[in-house]
Amino acid sequence: MHAAETSMDMDTHMPDRQSAAGAVAWNEDLLVQILHLLPLKSLAKCRCVSNQWCSLINATPKLYRRLYPDPSTATPSVLLLRRSPSPEFPETCLVFPELSPLVSVPLNGGNPTPTPNVPDDFHILQSCNGLLCCCRHSPDGWDLYVVNPTTKNLSRLPKSRRRTKKIDYVGVSLAVEEQTNDYSVVGVKLLNKYTDMIGRHYMIEMYSSKTGTWRSPRLGRRTARRSTFYAPPFIQWSRGVYWNGAINWINDMGEESLYFKVDEERLGTMPMPPVPNVDGNLHGKVRYFGKSLDRLHLVEINCHCDFLYENLTVHELQRDYSGWLVKYRINLSDFPAELVDSVGQYYYPQFSILFCGFTGEDGDDPELLLRLQALNRVVRYNLNTKTFKNLCDRGFGLNCEESFGWFDSFQYLETVKPVRG
């Protein structure tokens, strides 16, 4: 005990500068290199060692960004694939109950990443900037949670007063502010199940971590029914994506989609990508919709007669919502035979798209992550070099009878961002 006290500076809990340990602890350049190699949770604990270490970590960008990554520059470490059934069908049983409800697919070079800490009975609804929005079935319906799987912190959200078993959410989206620890949860309710000439009648409710309460946004109006609105059918409410300060929803059967500016509490419309209709029969089907870095992507497959396909098109939405830019167009004839079945001059894809965006430490590799269900393989396709790389032959524990698409895929970004109720 006395020996330990004589070799330590009791004011800072740091080793004496003359000791062997002190030669490392007080050498900031060497210390930064060592700290950068630590697991994320260990790095967070190192801030409690001393004021010097805490200041060093907070002042060193590459260390601080590991703890609080910037979603506009940081790439996700893994994809989480959801095995559990959709919350719209709670009576549905798991097809493979003996398997883990979550599957982790590494994105950054196949490096091992700690398995996210998500309770088995939680159903992931959305991921956003390192946090997950989940639900869990209870006797009173579905309870909502915001979870940080890295730190195992979670917050159960209070129930909205207007939420009943007869009127429940058709979609729940999470918006996590990048510069603060605040977040909002946006719930969309269907008020009538019948479609008229305008569309269907919906209502929006918002939960704020700042106030800990639900409320109805004005949607830019001053009327009594300020939070209700009409929307066309086929809006994908269950897979909203937070980008550009807004929750964005797509309409995979129409020409207009919707977005909701969270801070402004305002609804807006955005167009769907135009389809190059040459002979009157060509149309597009959405195969992926998601965010990567600070860009929003939509991958569409152009087809004839619903099942004869020609190419994939990767679109990127402009920040002013004026339209989509075509970033890549991929001819399916360039794909290997195991990825597509040829029918004359057309092709039928044998894959689903789990991810479209940028990977690698520098975020400079635009890729598609493809799942071949029949072969139980996951491959990555580089959009610049047009090359394929086999990511895993064993499917990361997937069963070849299991079907996964972009609806079941959630980006996971490690962070120590706290979860406030």
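The values are calculated or read from the model by the stated rules, or taken from the named source; none is laboratory data. Because the structure is a prediction, the values reported are computed rather than measured. So basically every Cβ, Gly included, is an ideal-geometry build from the backbone, and we count neighbours across all protein chains shown. These accessible areas exclude ligands, DNA and RNA; they are computed on the full protein's heavy atoms, side chains included. Shrake-Rupley method; radii C 1.70, N 1.55, O 1.52, S 1.80 Å.
Summary of computed values
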| read-out | value |
| --- | --- |
| Theoretical FRET efficiency, 1/(1+(r/R0)^6), r = Cβ-Cβ of Asn27 and Lys62, R0 22 Å, to 0.05 | 0.85 |
| Rounded to the nearest 10 Å², the accessible area of Lys62 at probe 1.4 Å | 100 |
| Accessible surface, 1.4 Å probe, highest first, among residues Thr387, Thr313 | Thr387, Thr313 |
| Nonlocal amide H pairs with Asp341, under 5 Å, H built at 1.01 Å | Tyr348, Gln350 |
| Fully extended contour minus Cα-Cα distance, from Glu338 to Ser403, at 0.36 nm per residue | 21.7 nm |
| Accessible area of Tyr328 in the full protein assembly, 1.4 Å probe (Å², nearest 10) | 60 |
| Spin-label pair Arg161/Ile34, simplified geometry with 7 Å Cα→Cβ offset, distance in nm | 5.7 |
| Of Lys41/Lys389; Lys261/Lys327; Lys189/Lys285; Lys291/Lys386; Lys285/Lys389, those spanning more than 23 Å from alpha-carbon to alpha-carbon | Lys41/Lys389; Lys261/Lys327; Lys189/Lys285; Lys285/Lys389 |
| Per-residue SASA entry for Arg47, accessible area with 1.4 Å probe, Å² rounded to 10 | 60 |
| Per-residue ³J(HN,Hα) for segment 129-144, Karplus 6.51 cos²θ - 1.76 cosθ + 1.60, θ = phi - 60°, Hz, x for Gly and Pro | 6, x, 10, 10, 9, 10, 10, 9, 6, 9, x, 8, x, 9, 8, 9 |
| Efficiency of FRET from Cβ geometry, Asp294 and Leu190, R₀ 25 Å, rounded to 0.05 | 0.20 |
| Net +/- balance of residues flanking His36 in space, Cβ distance below 10 Å, scoring K and R +1, D and E -1 | +2 |
| Cα centroid of segment 369-390 to Cα centroid of segment 174-190, whole Å | 33 |
| Largest-first ordering by accessible area, 1.4 Å probe, given options Ser238, Ser227 | Ser238, Ser227 |
